[in-house]
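Worksheet: one structure, shown below.
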Amino acid sequence: DLFHARLNSHTYPRHWHNEYAIGFVHRGCGVNTVDRDPVAYPSRSIILMNPGQVHTGFSAGQNDLHYSMFYIDPGIFEKDGLTAMNKPYFPFPIIERSPVREKIASVFNDIFTSGRVKKEDVLSSLYRIIQSLKDGGFLSLDAADPAYRERKIDAVCRFVQSHYHEKIAIEQIARYVN
């Protein structure tokens, strides 16, 4: 699915998607809380989210936030021969300064300046974006990647540190991390 939004005062509450999300901020600045960490998305940045990743979202600043998102069914990666044991994920929630950003930005701009969006053009564009993310190291195919593990371990440590005086159940930690 392809989604385009223009926000000024709307705030998305904590939620998640069952799909991968790849977005582009056309104008303005947005802020998300991703896994309880605030992340600012300035103009022309790329937004990356994994399935099930809890986040919020809102416009920051005085100008409207204009952004577009691809929501990608995880099954698309199975067509590329990837298995559940080798499930891809985005180790970083944002791309700001990278040649990959410019490649992806041009794909989003091509889609929205053409004036018409055909399904086959969107799918072709999506494959170009995924390939750029793989080539640039922004899409990991290794579930044992230290960056992924460290983010989850850091989240557990933050939770335990902030609730050390309470009786903590494993279910609470799991909800916090996911």
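Tabulated results
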read-out	value
Identity of the residue in the range 40-66, open to solvent by 10 Å² or more (accessible area, probe 1.4 Å), assigned to a strand (DSSP E or B) and hydroxyl-bearing (S, T, Y), that ends up farthest from H17 (Cα to Cα)	S59
Odd one out for D135, checked against (1) open to solvent by less than 80 Å² (accessible area, probe 1.4 Å); (2) at pLDDT 75 or above; (3) within 19 Å of the chain's Cα centre (by Cα)	(1)
Which numbered condition E19 fails, given (1) over 18 Å from A155 (Cβ atoms); (2) acidic (D, E); (3) open to solvent by less than 40 Å² (accessible area, probe 1.4 Å)	(3)
The range 138-167, subset open to solvent by 90 Å² or more (accessible area, probe 1.4 Å) and in a helix (DSSP H, G or I), residue modelled with the lowest pLDDT	R149
Meets criteria (of a type outside the set (S, T, N, Q) and modelled with pLDDT of 85 or more) for V117	no
Criterion (more than 16 Å from P88 (Cβ to Cβ) and without any contact (Cβ under 8 Å) to a residue 24 or more places away in the chain) met by exactly one of S43, S59, S68	S43
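The values are calculated or read from the model by the stated rules, or taken from the named source; none is laboratory data. Here the structure is a predicted model, which means the values were calculated and not measured. Here Cβ is always computed from backbone atoms with ideal geometry, including for glycine, and neighbour counts include all displayed protein chains. For the accessible areas, the whole protein counts, side chains as well, though only heavy atoms, and no ligand, DNA or RNA atoms are used. Shrake-Rupley method; radii C 1.70, N 1.55, O 1.52, S 1.80 Å.
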